[in-house]
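Some notes on the structure that comes next.
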Amino acid sequence: FPALHGKNGEDGTIQGLFEISQIPYVGCGVLASSVGMDKLICKKVFSEIGLPQVNYTDTSRWAFNMDSEKELNDIEAKLSYPIFVKPANLGSSVGISKATDREELLKGIDEALKYDSRIVLEQGIDAREIEVAVLGNDEVKASIAGEIKPAKDFYDYEDKYINGASTYDIPANISEENMENIRRMAIEAFKGIDG
């Protein structure tokens, strides 16, 4: 029962070890775990299956070290501020920042590159954070949706694990139509990565 979080726990690594060792385990397999942890690959899969998502782009440590000015210009040509900067392979909002200008963007990229050699940059939008749990194998089900109400500008690591100041609405205060739409998309996402 791999009750592990983050790298080596939910990124397909321990799941691969279990597979090689022929140890039965619960939860997603190697593919879903690794794709689900990799924000860039996950976004590409979601694009392929037609799930809506915010505009995004990416860069890498190599590309940024080769020509940071070009990378910054490319990012600003594709996205407008605010921009969220995220390590491609990490969870719990570690290394994530919100940039409102080029100086913050550069600082955010430097921070994200401490955790991964690839980063995802997303268009910041005014949105609510609605989430569902998805469970199943052949018969996949989604829970009712809940809403996270961050105490800060966005739901960061400190808010998740340290100060606990966020509040939650369960179920989320949304229409029945939106509830079903979100649950349907969550199931499509789960199936899309072979959960």
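The values are calculated or read from the model by the stated rules, or taken from the named source; none is laboratory data. What you see is a predicted model, and the numbers here were worked out from it, not measured in a lab. Using ideal geometry, Cβ is built from the backbone for each residue, glycine included, and neighbour counts are taken over all protein chains shown. Note: areas computed on protein heavy atoms with side chains; ligands, DNA, RNA excluded. Shrake-Rupley method; radii C 1.70, N 1.55, O 1.52, S 1.80 Å.
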Legend entry - Residue list for the range 32-74, restricted to those being out of contact with any Gly (no Cβ under 7 Å at 6 or more places or on another chain), among the β-branched types (Val, Ile, Thr) and either over 30 Å from Phe190 (Cβ atoms) or not in a strand (DSSP E or B) (or both): Val35, Ile41, Val54
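Just the residues that are in contact with a Pro (Cβ under 7 Å, 6 or more places away or on another chain) and not aliphatic (A, V, I, L, M), please, taken from the range 1-14. Lay out the reasoning, then the answer.
Taking the range 1-14 as the starting set, the residues that turn out to be in contact with a Pro (Cβ under 7 Å, 6 or more places away or on another chain) are 9, 14.
If the condition is that a residue be in contact with a Pro (Cβ under 7 Å, 6 or more places away or on another chain) and not aliphatic (A, V, I, L, M), then Gly9 is the only one that fits.
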Inset, instruction - Could you pull out the residue among Glu177, Glu158, Glu131 that is in contact with a helix residue (DSSP H, G or I) (Cβ under 9 Å, 6 or more places away or on another chain) and acidic (Asp, Glu)? - result: Glu131
Inset, instruction - Confirm whether Glu48 is without any contact (Cβ under 8 Å) to a residue 60 or more places away in the chain and of a type in the set (Asp, Glu). - result: no
Inset, instruction - Please specify each residue of the range 1-42 satisfying the condition of being among the aromatic types (Phe, Trp, Tyr) and in contact with a helix residue (DSSP H, G or I) (Cβ under 7 Å, 6 or more places away or on another chain). - result: Tyr25
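Here's the yes/no breakdown for (1) under 16 Å from the mean Cα position of the chain (by Cα); (2) open to solvent by less than 20 Å² (accessible area, probe 1.4 Å); (3) farther than 26 Å from Asn8 by Cα:
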{"site": "Phe84", "(1), (2), (3)": "yes, no, no"}
{"site": "Arg102", "(1), (2), (3)": "no, no, yes"}
{"site": "Lys107", "(1), (2), (3)": "no, no, yes"}
{"site": "Val120", "(1), (2), (3)": "yes, yes, no"}
{"site": "Gly124", "(1), (2), (3)": "yes, yes, yes"}
{"site": "Val134", "(1), (2), (3)": "yes, no, no"}
{"site": "Pro171", "(1), (2), (3)": "no, no, yes"}
Legend entry - The one condition in (1) modelled with pLDDT of 95 or more; (2) among the hydrophobic types (A, V, I, L, M, F, W, C); (3) open to solvent by 60 Å² or more (accessible area, probe 1.4 Å) that Phe1 fails to fulfil: (1)
Legend entry - Given (1) open to solvent by less than 50 Å² (accessible area, probe 1.4 Å); (2) touching a residue at least 40 places away in the same chain (Cβ under 8 Å), index of the condition Gly146 fails: (2)
Legend entry - Selection status of Gly27, outside any loop (DSSP other than H, G, I, E, B), open to solvent by less than 70 Å² (accessible area, probe 1.4 Å) and modelled with pLDDT under 95: no
Legend entry - Criterion violated by Ala77 - all others in (1) under 17 Å from Arg102 (Cα atoms); (2) at pLDDT below 95; (3) small (Gly, Ala, Ser) satisfied: (2)
